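The values are calculated or read from the model by the stated rules, or taken from the named source; none is laboratory data. What you are looking at is a predicted structure, and each value in this text was computed from that prediction instead of being measured. Cβ sites come from the backbone with ideal geometry, for glycine too, and all protein chains shown count toward neighbours. What goes into the accessible areas is simple: the full protein's heavy atoms, side chains included, and nothing from ligands, DNA or RNA. Shrake-Rupley method; radii C 1.70, N 1.55, O 1.52, S 1.80 Å.
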Amino acid sequence: MPVRDISQASFFDPQFVDPTCIEPGSLTWLIRNYAWLLFPEWLFADWCGHGQRGRDAWPARVLMSTLLLRFLEGGMSRRAMARRLKTDIAWRAAAGLPIGGGSPDESIFRRFEKYLRRRDRASGQPRFLLLHEHILRVCIDAHLIDDRAIWVMDSTPMWCFGAVQGTVRLLGDGLRSLCGEWARLTKTSVVELATEWELPLLLAKSTKGGIKIDWRDPDARATAVDSVARDVLAVIGKVRRGLDDVRANKRKGLLRRCRALAKVIADDLEVDDEGRLFVARKTTSGRLVSITDLQARHGRKTRSVKFKGYRLHVLGDIVSGLIASISVTPATVGDSAPAGRLIRRAQRVVTQLRQVLGDTAYGGAELHLVTRKVDGVDILAPPVPVSRRPTDRFNSTHFDIDVPGGEARCPGGVIVELRQTPKTRRFSWSKATCDACPLRAQCLTEKASSKTLLANKNHEELLIIRERWSDAEIRTHYRLRTQGERLVNQVVRYGGRKAMAWGLSTAVLQANLIAIRSNLGILARHLADNLELQENIAKEGGPAPPDPVRLVA
Ligand code: SF4
């Protein structure tokens, strides 16, 4: 079989010319003309496509171009992407494929995605991050970012790919999936397994359909939940005891499934007085929402709006619209948790990053302190409100608190010392003191007998944030933050609202590809309008780009 290589001779054959096939300023136009600049060989040096033979030997440029075009209009499945590459003439031109030839299939793209997720040996960074940084550098060289840049951080929900299920279906579907895998690995049939382990549920088409009860009857429902949960526990025990019967490289996957099912039972169920397992009426942090997407979690966008899956975090410049760093976390992780990481990643390329605007979620004192001292970046965000409910009583701002000095003075003038326990640090005013105080009605609620304030270890920083926030000029500048919603909209528009495959790592890759695609869209429009820049790039950065693409009609 011959070595596969990029051959574009047919695109420049005068008899195939159609000048309007690829619009200048579009993503396809940019990739087609500047692939040498966007996907340099050093980025994909160890990809097996270089100089190899056979079905896997597709050049990285072909695969990378197509992965970015996948998010051209809002995202599509891997299969749809591979199918479109076969027939879409603009896509083939961008990927550098000849008309009418073959194209990579879905499995090659899956393999290439895996390659992108692996860490580069030299830098230790995942390869998709290196590509994102490289594209950002290209954008900076094209003068898209200048001193006027205003950096904003924000987050948005990202729904998981796996089916979101309730407790009964999590247990039932998980049980069926675990038994199916066990039957496959031990070379028995599911029918035999269902008979041997006395699990008729394995032969049903669905979990709820296989349990013949009236689901509106609470007693019947409780009995069914108990029965399914006990079946799950019994099967977990059998699988664990019989692990020696399966191949060593398959044991890890089986144990992962067992752990997931055990977690559902531990998090979602409780034991009643009669010893029956029932679905608990409580909230547990980190509950599973899907048996196929094990990192997806319950999350809240606001107090009343909930979502299930992941949270997507973006840091970008609202002037140019470029996204400097992007990340995905389980939905339970708060906005501020990955903020430091986002800033540090952006700083690897954008050295002039000195201030970032964020909403109240980024108003915590610890985040401000760490980013200022460690990263030299000032976060401008409203301070976390003192109280969630508005009240006319005294709050912590009315108290004179000195955490390093270890004392606090209340509005009544009483000074108390800091009390420390292994878990908390607090200031407490005794019942006798408060009862004798003339300001009691303004300080305490009717039910409270005394006053306690938790000591924030970063109290000084909190005061600085509050002080700064009272400056009208700063608040006026902060109004620009609302434009940061455009960055989030960009990501959502190109397919960031829903993960397109199982697992957190694929969601992270998807988010980064979307960010790269978004940045390239901006670069394409900028380059198409700027002939001088095109000339400079051609002069300074390797071979000159080809003439505007002209394709077969
Ligand atoms: S009620 Fe207690 S804490 Fe409040 S001002 Fe009076 S003495 Fe101080």
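A few notes on this one:
- Residues that are open to solvent by 40 Å² or more (accessible area, probe 1.4 Å), closer than 30 Å to Pro404 by Cα and of a type outside the set (Phe, Trp, Tyr) occur in region 475-490; there is at least one.
- Subset of region 405-450 that is part of a strand (DSSP E or B) and closer than 17 Å to Phe394 by Cβ - its residue that is farthest from the ligand (Cβ to nearest atom): Arg426
- Out of Leu171, Leu185, Leu193, sole residue that is open to solvent by less than 80 Å² (accessible area, probe 1.4 Å) and closer than 26 Å to Gly275 by Cα: Leu171
- Meets criteria (more than 16 Å from the ligand (Cβ to nearest atom) and surrounded by 17 or more Cβ atoms within 10 Å (Cβ to Cβ)) for Leu353: yes
- Any hit, region 154-176, residues being of a type in the set (S, T, N, Q) and at pLDDT below 90: yes
- Complete set of residues in region 453-464 that are within 9 Å of the ligand (Cβ to nearest atom) and exposed (fewer than 15 other Cβ atoms within 10 Å of the Cβ): none
- Just one of the listed residues (Ala381, Ala472) is in contact with a Gly (Cβ under 7 Å, 6 or more places away or on another chain), more than 13 Å from the ligand (Cβ to nearest atom) and within 30 Å of Gly321 (Cβ to Cβ), namely Ala381.
- Any pair with Cβ under 6 angstrom, 6 or more apart, that starts in region 394-406 at a residue that is aliphatic (A, V, I, L, M) and ends at one that is within 16 Å of the ligand (Cβ to nearest atom): Ile401/Ala408; Val403/Ala455
- Looking only at residues in region 328-346 that are free of Cβ contacts under 8 Å to residues at least 40 places away in the same chain and assigned to a loop (DSSP other than H, G, I, E, B), the one that is surrounded by the most Cβ atoms within 10 Å (Cβ to Cβ) is Ser336.
- Only residues that are closer than 14 Å to Gly412 by Cα and either surrounded by 13 or more Cβ atoms within 10 Å (Cβ to Cβ) or free of Cβ contacts under 8 Å to residues at least 12 places away in the same chain (or both) were counted across region 436-447, and they come to 8.
- Residue match in region 362-382 (condition: assigned to a helix (DSSP H, G or I), open to solvent by 80 Å² or more (accessible area, probe 1.4 Å) and in contact with a Pro (Cβ under 7 Å, 6 or more places away or on another chain)): no
- Qualifying strands (runs of 3 or more DSSP E) (wholly inside region 239-307; at least 2 residues being without any contact (Cβ under 8 Å) to a residue 40 or more places away in the chain and not polar (S, T, N, Q)): 269-271, 297-300
- Every residue from region 310-319 that is buried (at least 22 other Cβ atoms within 10 Å of the Cβ) and either touching a helix residue (DSSP H, G or I) at 6+ places or on another chain (Cβ under 8 Å) or not in a strand (DSSP E or B) (or both): Tyr310, Leu312, His313, Val314, Leu315, Gly316
- Members of region 254-298 found to be modelled with pLDDT under 90, surrounded by 12 or more Cβ atoms within 10 Å (Cβ to Cβ) and of a type in the set (Gly, Ala, Ser), listed by number: Ala280
- Taking region 200-212 as the range and being more than 13 Å from Val168 (Cα to Cα) and either in a helix (DSSP H, G or I) or open to solvent by 40 Å² or more (accessible area, probe 1.4 Å) (or both) as the test, the residues that pass are Pro200, Leu202, Leu203, Lys205, Lys212.
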